[in-house]
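Chemist: So that we are looking at the same thing, I have put the structure below in structure tokens.
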Amino acid sequence: MDSSVPAGLCMAFYKGTRPMPAGVYNMLGRKLDHGPYSHSELILPQSYNRISCSSSFIDGGVRMKDIGYSSVGAWDFLPIPDPDGNLAGFAYAWTVKYNSCRYDLWGNLRFATNFVSDDD
């Protein structure tokens, strides 16, 4: 893992653009959110092997992935205080429970368009 990544539990926010055609999703995400980031990853601490957790359309849904974060300037990091490790443990257990669940494409469409109705 790149030395710019803070130790412990942290968030990684992606502000880069992947090569096309996947880069379209990055650009669209930033435009819809009116911000600099297209997506984020939760990076677990060393006790969980610094694995990254998120839900990714490209990767098919909820997943844990080893990401090196070596793309200089493509990521911003935010440390998350977790002195007793409870947040990291909860996040790991949640990701294991929902690992491989499909990506919520309908939720994304609803967020982007407010056209698709909510299930609630």
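Chemist: Under a Cβ-Cβ cut-off of 10 Å, what is the net charge of the residues other than V62 that fall near it, where Lys and Arg count +1 and Asp and Glu count -1?
Modeler: Residues close to V62 contribute a combined charge of +1.
Chemist: Follow-up. With a ≥ b ≥ c taken as the square roots of the eigenvalues of the C-alpha gyration tensor of segment 60-109, please select rounded if a/c is under 1.5 and otherwise prolate if a/b is larger than b/c or oblate if it is not?
Modeler: oblate
Chemist: On average, how much accessible surface per residue is there in the chain, in Å², for a 1.4 Å probe, leaving out ligands, DNA and RNA?
Modeler: 66 Å²
Chemist: Taking θ as phi - 60°, what are the ³J(HN,Hα) couplings along segment 46-63 by the Karplus curve (6.51, -1.76, 1.60), each to the nearest whole Hz, with x for Gly and Pro?
Modeler: With coefficients 6.51, -1.76 and 1.60, one gets 3, 5, 10, 6, 6, 6, 9, 10, 5, 10, 10, 5, 5, 8, x, x, 5, 7 Hz.
Chemist: For a quick check: with amide H placed at 1.01 Å from N, whose amide H comes under 5 Å from I67's, ignoring anything fewer than 5 positions away on the same chain?
Modeler: Residues meeting the criterion, in which the H sits 1.01 Å from N, are S52.
Chemist: Apply the Karplus curve 6.51 cos²θ - 1.76 cosθ + 1.60, θ = phi - 60°, to the phi angles in segment 34-42 and return the couplings in whole Hz, x for Gly and Pro.
Modeler: With the stated coefficients, segment 34-42 comes to 6, x, x, 10, 9, 6, 9, 10, 9 Hz.
Chemist: If I fit a long axis through the Cα atoms of helix 86-98 and take the longest principal axis of the Cα atoms of the chain, what angle between them do I get, 0 to 90°, rounded to 10?
Modeler: 50 degrees
Chemist: Next up: Per residue of segment 9-23, what does 6.51 cos²θ - 1.76 cosθ + 1.60 with θ = phi - 60° give for ³J(HN,Hα)? Whole Hz please, x for Gly and Pro, Karplus curve as stated.
Modeler: With the stated coefficients, segment 9-23 comes to 6, 7, 9, 10, 10, 8, 10, x, 10, 5, x, 5, x, 4, x Hz.
Chemist: Run the accessible area of the chain with a 1.4 Å probe and give the carbon-and-sulfur part as a rounded percent.
Modeler: Taking all protein chains in place, the chain shows 58 percent carbon and sulfur surface.
Chemist: If amide H atoms are built 1.01 Å from N in the plane of the peptide, which residues on other chains or at least 5 residues away come under 5 Å of the amide H of G61?
Modeler: Result for G61 returns S56, Y103.
Chemist: Please name which of I67, P83, A12 has its Cα lying farthest along the dipole of the chain towards the positive end, using unit charges on Cβ (Lys, Arg +1; Asp, Glu -1) and the Cα centre as origin.
Modeler: I67
Chemist: May I pose another question? Can you give the extra length, in nm with one decimal, that the chain gains between A74 and L32 once fully stretched, where that is 0.36 nm per residue apart less the Cα-Cα distance?
Modeler: In short, 13.2 nm is gained.
Chemist: Quick one, can you get me the convex hull of the C-alpha atoms of segment 26-97 expressed as volume per residue in Å³?
Modeler: Normalising the Cα hull of segment 26-97 by residue number yields 114 Å³.
Chemist: Evaluate 2.2 N^0.38 Å with N set to the residue count of the chain, then give the Cα radius of gyration divided by it.
Modeler: Relative to the 2.2 N^0.38 Å estimate, the chain comes out at 1.11.
Chemist: Pull up all non-local amide H partners of I80: gap of 5 or more, or a different chain, and H-to-H distance under 5 Å with H placed in the peptide plane.
Modeler: Those qualifying (amide H under 5 Å, at least 5 residues apart or on another chain) are L9, C10, M11.
The values are calculated or read from the model by the stated rules, or taken from the named source; none is laboratory data. The structure displayed is predicted, hence computed values, not measured ones. When we count neighbours, we look across all protein chains shown, and the Cβ atoms used for this are built from the backbone with ideal geometry, even at glycine. Accessible surface is based on the protein model in full, side chains and every heavy atom, while ligands, DNA and RNA are left aside. Shrake-Rupley method; radii C 1.70, N 1.55, O 1.52, S 1.80 Å.
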